[in-house]
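I have placed the structure first, in the form of structure tokens, so that the comments after it can refer back to it.
The values are calculated or read from the model by the stated rules, or taken from the named source; none is laboratory data. Owing to the predicted nature of the structure, the values given are computational and were not obtained by experimental measurement. Positions of Cβ are backbone-derived with ideal geometry, glycine not excepted, and every protein chain shown enters the neighbour counts.
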Amino acid sequence: MSEHSDHPDTLLPPAADSLGQGSNWLVAVINTPRVGERAVKELEKAGFASRDILLLSGPETIRRMQATEDQRGPLGWAFKAVARIVTDASYYQDIYLREAEEGHAIINVHTEDPTDIERGRDILERLGARHVKHFGPWTVTDLSEPASPAL
């Protein structure tokens, strides 16, 4: 699987405890690399820049997450502990890690425009993506369609 980004070692999504690492990432799980490649093409066709799209295989996702853990200093561990208490981002990151361990791809799309966030979500969900979230500067928004509508 190829990577579609100029963002070197961009984590999926920027971790809540990594201040200054950036935000505004639309993140989702894609079942297979083939569908992931289709998602990249559909996003590019819809006007998303290839430099803003990062498609990672399960093993590459795990490698990047481990590299981040390995580089974490004492202050980083303190931020991580606090982040686990005050934000859902770590919980979602754990979900993406489990999905990657099962061999699924993770797609990341850098965008802050509300219209682009919705368009990106629609494209990804049409292709069967799940756990679609937007990691903004201060919040994580769950954009996944509910499994079954409320009655």
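Going through the range 9-45 one residue at a time, which ones are of a type in the set (Ser, Thr, Tyr) and either at pLDDT 55 or above or under 13 Å from Ile106 (Cα atoms) (or both)?
Thr10, Ser23, Thr32
In the range 38-63, which residues are surrounded by 17 or more Cβ atoms within 10 Å (Cβ to Cβ), in a helix (DSSP H, G or I) and among the acidic types (Asp, Glu)?
Glu60
Conditions first: (1) surrounded by fewer than 20 Cβ atoms within 10 Å (Cβ to Cβ); (2) at pLDDT below 85. Arg98 passes all but one, so which condition is the exception?
(2)
Working only within the range 112-151, note down all residues that are modelled with pLDDT of 90 or more, assigned to a loop (DSSP other than H, G, I, E, B) and surrounded by fewer than 22 Cβ atoms within 10 Å (Cβ to Cβ).
Listed by number, the residues that qualify are Asp113, Leu127, Gly128, Leu143.
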